[in-house]
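**Student:** One structure, pasted below without further comment.
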Amino acid sequence: MSKSVATATPLADLRRWMANRKLDALYITRPVSIAYLTGFHAEPFERLMALVIQREEAVLVVPALEGESARSHAANAQVVSWRDGEDPYALVARALGESTEIGVEKDHLTLHAAEVITSRTGASELVDVGPEIRRLRLTKRDEEIEKLIRAAAITDAAGEEVIPRLRAGQREIDVALMIGAAIGELGGKLSFGTLVQTGPNSALSHAEPSSRKLAPGDFVLLDFGAAFDGYKADTTRMAILGEPSARHREIHELVLAAHDAAIEAVRPGVTTGEVDAAARRVIDAAGYGEQFYHRVGHGLGLEAHEDPSLDPGSQTVLEVGMVFTIEPGIYIPGWGGVRIEDDVVVEEGGCRVLTKADRSLRVIH
């Protein structure tokens, strides 16, 4: 595997940025950012969880419910916990100390929290660190790519287990539960809520699984992914119950050709918009451009949707270590739709496809 360009730890990288900006401290509250910087994954819901970063130390403030787990996983931060009924901001203020400028994630910080930390620390300015964290997360380190490879392998195996078991009469929700169970048995967790769309529902690109029963002649669109140690895979595969019509095959083959063209376009130095355009040219040329109405892909990592976004015309320049989906689609209202999705990592000279399961239209007799 091509080595990623990042070598230092995320926390060390962020401290360099902090020093260059001459910030006194950072106050990080987005759970995915805390996971990226410390290795501790948790969703505190309404309770406060925050990572305070100083030049030489870091303090992770967590609800008591998460204290033991945080101490086991956050090796690079001192963990302090608070019980329900206590004031967690007292711990935050102690960790921040007296600060003139504090880095925060502005798109996650509430107005209430901003008022509390400025009043208790005397800070006169809150500087947005969110864009820098997103920039660091944009290119994955080797250990992150290894986790994404494991997630992709579990995803592939789960699909290969479930697709041959598709039968007329099963409900979409039944198939979604089968996929979730298979992922769990293989050692993964769900990356996101599994999508199962059959027949005309397959033209509704983000429709939740329903009680609709699979029937002969139906397209079956399966969009699912496994997570491994917090890192998420995302794939879409197509099946059909019974012998496909010429139109079924035509649309599937067209989407697969667009998918392959986009993957062929991926390499360092190319823009995300150019990758989208490679897929879009194929579909436009066949007269289905209006039926391909979403971007060709999105970033993957600790979130199922993160940077980069491969929108039409987008100008992000691809770099070694970026990981994202390739997922063109065609959706014909009242008839059905096709999407074929794989996960790729940018390497020197091209990319490596992480999800490897059969991309053909799987015929279930």
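The values are calculated or read from the model by the stated rules, or taken from the named source; none is laboratory data. Here the structure is a predicted model, which means the values were calculated and not measured. All Cβ positions, even for glycine, are placed from backbone atoms using ideal geometry, and neighbour counts span all protein chains on display.
**Student:** Of the residues in the stretch 350-365, how many are modelled with pLDDT of 95 or more, over 23 Å from the mean Cα position of the chain (by Cα) and of a type outside the set (Ser, Thr, Tyr)? Don't jump to the end; show me each part of the working.
**Tutor:** Looking only at the stretch 350-365, we keep the residues that are modelled with pLDDT of 95 or more, and these are 350-364.
If we keep only those that are over 23 Å from the mean Cα position of the chain (by Cα) as well, we get 360-364.
Retained after the next criterion (residues that are of a type outside the set (Ser, Thr, Tyr)): 361-364.
Here the count works out to 4.
**Student:** Could you check, for the stretch 227-249, whether at least one of its residues is in a loop (DSSP other than H, G, I, E, B), surrounded by fewer than 19 Cβ atoms within 10 Å (Cβ to Cβ), among the acidic types (Asp, Glu) and under 22 Å from the mean Cα position of the chain (by Cα)?
**Tutor:** Yes: one or more hits.
**Student:** Say whether the condition of being over 30 Å from LEU96 (Cβ atoms), part of a loop (DSSP other than H, G, I, E, B) and in the same structural domain as PHE324 (by TED's automatic domain parsing) is met by at least one residue in the stretch 143-159.
**Tutor:** No: the stretch 143-159 contains no residue that is over 30 Å from LEU96 (Cβ atoms), part of a loop (DSSP other than H, G, I, E, B) and in the same structural domain as PHE324 (by TED's automatic domain parsing).
**Student:** Separate question: Is the stretch 18-30 home to any residue that is among the hydroxyl-bearing types (Ser, Thr, Tyr) and buried (at least 17 other Cβ atoms within 10 Å of the Cβ)? Talk me through it step by step, then tell me what you get.
**Tutor:** Filtering the stretch 18-30 for residues among the hydroxyl-bearing types (Ser, Thr, Tyr) gives 27, 29.
Those still in the list that are buried (at least 17 other Cβ atoms within 10 Å of the Cβ) too: 27, 29.
Yes.
**Student:** Of the conditions (1) assigned to a helix (DSSP H, G or I); (2) surrounded by 22 or more Cβ atoms within 10 Å (Cβ to Cβ); (3) among the charged types (D, E, K, R), LYS140 fails just one. Which one is it?
**Tutor:** All conditions are met except number (1).
**Student:** Between GLY299, GLY313, which is over 20 Å from GLU250 (Cα atoms) and in contact with a strand residue (DSSP E or B) (Cβ under 8 Å, 6 or more places away or on another chain)?
**Tutor:** Numbers: GLY313 fails: in contact with a strand residue (DSSP E or B) (Cβ under 8 Å, 6 or more places away or on another chain).
Checking each option against the conditions leaves just GLY299.
**Student:** Residue under question is TYR89, and the condition is that it be part of a strand (DSSP E or B), of a type in the set (Phe, Trp, Tyr) and over 22 Å from the mean Cα position of the chain (by Cα); does it hold?
**Tutor:** no
**Student:** Would you check if ALA207 is touching a helix residue (DSSP H, G or I) at 6+ places or on another chain (Cβ under 9 Å), surrounded by fewer than 24 Cβ atoms within 10 Å (Cβ to Cβ) and of a type in the set (A, V, I, L, M, F, W, C)? Break it down stepwise before answering.
**Tutor:** Values: touching a helix residue (DSSP H, G or I) at 6+ places or on another chain (Cβ under 9 Å): yes; surrounded by fewer than 24 Cβ atoms within 10 Å (Cβ to Cβ): yes; of a type in the set (A, V, I, L, M, F, W, C): yes.
Taking the combined requirement at face value, the residue satisfies it.
**Student:** Here is a further query. Could you pull out the residue among VAL175, VAL196 that is part of a helix (DSSP H, G or I), in contact (Cβ under 8 Å) with a residue 12 or more places away in the chain and either more than 21 Å from the chain's Cα centre (by Cα) or over 30 Å from GLU143 (Cβ atoms) (or both)? Lay out the reasoning, then the answer.
**Tutor:** On the way: VAL196 fails: part of a helix (DSSP H, G or I).
None of the others qualify; the one that does is VAL175.
**Student:** On to the next question. Which of the residues belonging to the stretch 190-204 are touching a Pro at 6+ places or on another chain (Cβ under 9 Å) and hydrophobic (A, V, I, L, M, F, W, C)?
**Tutor:** LEU195, VAL196, ALA203, LEU204
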